[in-house]
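Nothing in this text is a laboratory measurement; each read-out follows from the coordinates by a stated rule. Not measured: the values here are computed from a predicted model. Neighbour counts are summed over all protein chains in view; Cβ atoms, including those assigned to glycine, are modelled from backbone coordinates with ideal geometry.
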Amino acid sequence: MTAEAAMVLSVLVAFTMALVGVLLVAAAQIRCVDAARAGARAAARQDPADVVVTVTRETAPRGARVTVAREGDRVRVTVVARPPLLSGLPFEVREEAVALAEESVADEEAGEAGEAVEGSGGAREGAGLGL
């Protein structure tokens with residue numbers, strides 16, 4: 001084996017390892033997005049906090065940190081995780097999802113329906129669906 005072939009082979013191995021690392025980070029990011037969305041949906045339904053955290057952790061990468069916060073009529077779920085096999089590096093993926101609490105949505109729909117009934121004598125087509 002020549003020195004050039006050995007050099008090319010080591011570069012190819014390094015490139016392959018970097019590509020695998022990027023794919024692991026992308027997969028962890030996608031799982032964090034899915035977990036944050038699932039948690040936000042559960043929190044918006046007014047599920048208990050421990051249920052929200054459990055649902056989120058089931059979807060999140062192993063060892064992820066989950067934070068659930070209520071801000072007025074919105075719920076925010078944050079998922080922070082270290083990509084697998086890259087845990088030694090100071091690198092984390094983070095994703096947040098925000099949802100409107102269902103009690104707020106129900107209040108808004110009731111207000112829209114009341115306005116439609118008062119204003120036109122009947123319910124407006126598509127009321128409450130954002131149409």
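I'm checking a number: the convex hull volume of the Cα atoms of region 1-71, normalised per residue, in Å³. What is it?
Working: hull volume 6.3 nm³, N = 71.
Considering the Cα atoms of region 1-71, their hull volume per residue is 89 Å³.
Skipping prolines and chain starts, which residues have an amide H placed within reach, meaning under 5 Å, of the one on Ala101, given they are 5 or more residues away or on another chain?
Result for Ala101 returns Arg74, Val75.
Which order do peptides 47-53, 37-43 fall in by mean Cβ count within 10 Å, highest first?
Result, highest mean first: 37-43, 47-53.
Quick one: what are the phi-derived ³J(HN,Hα) couplings along region 51-63, Karplus 6.51/-1.76/1.60 with θ = phi - 60°, whole Hz, x for glycine and proline?
5, 4, 5, 5, 4, 5, 5, 5, 8, 6, x, 4, x
Could you derive backbone 3J(HN,Hα) for region 25-35 from the dihedral phi with the Karplus parameters 6.51, -1.76 and 1.60 (θ = phi - 60°), listing whole Hz in sequence and x where the residue is Gly or Pro?
Couplings: 5, 5, 5, 5, 5, 5, 5, 5, 4, 4, 5 Hz.
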